[in-house]
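A.B. asks: Let me begin by handing over the structure; questions about it come next.
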Amino acid sequence: MSSSRGNSDLSADEQRALRELQQTDRKVRAHEMAHVAAGAGLVSKGASYSYETGPDGQRYAVAGEVSIDTSPGGTPEETIEKARQIKAAALAPANPSPQDRSVAAMADRMAVQAALEITMREREEGSTTDRAVATGTASPQPTPDGSDRRSAIETAYGRFAATRPAHTAGIDAYA
């Protein structure tokens, strides 16, 4: 028996199964290529696929994965930009998977944390300058109730929300 059969040698059920596999293969490849295109520079290698052999003896992609660098940038500002690209890569396919949405949410958290770091740094720099002028000291003193931190978090969230594009597109493990 040949490892590859022509479509005319297949039963009606096998032809239906073959059409479904071919359609799945096209969708999986398009899904993963969307990740690769949007994640340019962050994708460590091309897409990898899991295959199923069809009734015609050919292999068809039924799942795929793209590895992407999700480490923080060198600075909080770089981290925010990187998080935007990670999210864009995660949500790039027409129908993001649950894993894609999870990666996008992780990128949002990464950006918020970086925005918080920027806000805290700016507040510390402002406090240091104000105190240095007024008292000659250079160490900021947070309030006992943590209101400086709470205010910084609110500012960071506002900064992040204000810089987010209205529509973002970005990674996935399996289609």
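Read-outs throughout are calculated quantities, based only on the coordinates presented, and are distinct from any laboratory measurement. Because the structure is a prediction, the values reported are computed rather than measured.
A.B. asks: Determine which lysines satisfy two conditions relative to Lys27: a Cα distance under 23 Å, and not lying fewer than 8 residues away in the same chain.
C.D. replies: Lys45, Lys87
A.B. asks: Right, another one. Under 5 Å between amide H atoms, partner at least 5 residues away or on a different chain: which partners does Ala63 have, H built in plane at 1.01 Å?
C.D. replies: Ser50
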